[in-house]
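Asker: Okay, handing you the structure first.
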Amino acid sequence: MISLKLQIILLVVALLFSIQIIKMITRYKLDLKYALLWLLMGVSFVVIAIYPGIIYKISNLLSIKTPTNALFLLGIFSILSILFSLTIALSRASNKIKDLSQELGILKHEFEVSQ
């Protein structure tokens with residue numbers, strides 16, 4: 001098992017991370033729909049810091065030799081899911097910008113033709 005000192009450090013860092021995300025949401029610096037994955041990751045870090053036996057069970061379930069490798073695997077999956085959600089958001093924004101610029105071009109052309 002992990003030491004109590006490391007467990008406390010992990011818990012404090014996870015709580016500070018979650019509090020910072022919540023502050024950014026309340027100050028409208030981060031949209032809630034994009035922050036949900038970050039909040040989920042913060043809560044999962046808090047749970048793992050409080051109950052470190054969870055990572056041992058996950059590593060046994062996935063047949064991974066060491067819990068550290070399981071933790072890295074979960075971290076990589078978390079980062080990939082956040083990256084994927086941000087890619088979707090970027091694609092949507094790009095499509096909206098393209099549609100708006102085309103609509104603006106059409107309106108500008110109609111305005112010039114009418115004068």
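The values are calculated or read from the model by the stated rules, or taken from the named source; none is laboratory data. Fair warning: this is a prediction, and the values are worked out from it, not measured in the lab. Neighbour counts run over all protein chains shown; Cβ positions are idealised from the backbone, glycine included. Please note that ligands, DNA and RNA were not included when accessible areas were found on the heavy atoms of the full protein model with its side chains. Shrake-Rupley method; radii C 1.70, N 1.55, O 1.52, S 1.80 Å.
Asker: Filter region 102-115 for residues that are of a type in the set (S, T, N, Q), part of a helix (DSSP H, G or I) and surrounded by fewer than 10 Cβ atoms within 10 Å (Cβ to Cβ) and give the result.
Answerer: Our first condition is that a residue be of a type in the set (S, T, N, Q); within region 102-115, this holds for 102, 114-115.
After this cut, where a residue has to be part of a helix (DSSP H, G or I) as well, the list is 102, 114.
Answer for region 102-115, where residues must be of a type in the set (S, T, N, Q), part of a helix (DSSP H, G or I) and surrounded by fewer than 10 Cβ atoms within 10 Å (Cβ to Cβ): just Ser114.
Asker: Against the condition within 18 Å of Leu11 (Cα to Cα), among the hydroxyl-bearing types (Ser, Thr, Tyr) and open to solvent by 60 Å² or more (accessible area, probe 1.4 Å), how does Thr87 come out, does it pass? Spell out the reasoning first.
Answerer: Working: within 18 Å of Leu11 (Cα to Cα): no; among the hydroxyl-bearing types (Ser, Thr, Tyr): yes; open to solvent by 60 Å² or more (accessible area, probe 1.4 Å): yes.
It is false that Thr87 is within 18 Å of Leu11 (Cα to Cα), among the hydroxyl-bearing types (Ser, Thr, Tyr) and open to solvent by 60 Å² or more (accessible area, probe 1.4 Å).
Asker: A follow-up question, please. Where residues in region 53-93 are in a loop (DSSP other than H, G, I, E, B) and not polar (S, T, N, Q), which of them is farthest from Leu4 (Cα to Cα)?
Answerer: Going residue by residue through region 53-93, those that are in a loop (DSSP other than H, G, I, E, B) are 62-66.
With not polar (S, T, N, Q) added as a condition, the list becomes 62, 64-65.
Working: Leu62: 26, Ile64: 24, Lys65: 23 Å.
By that ranking, first place goes to Leu62.
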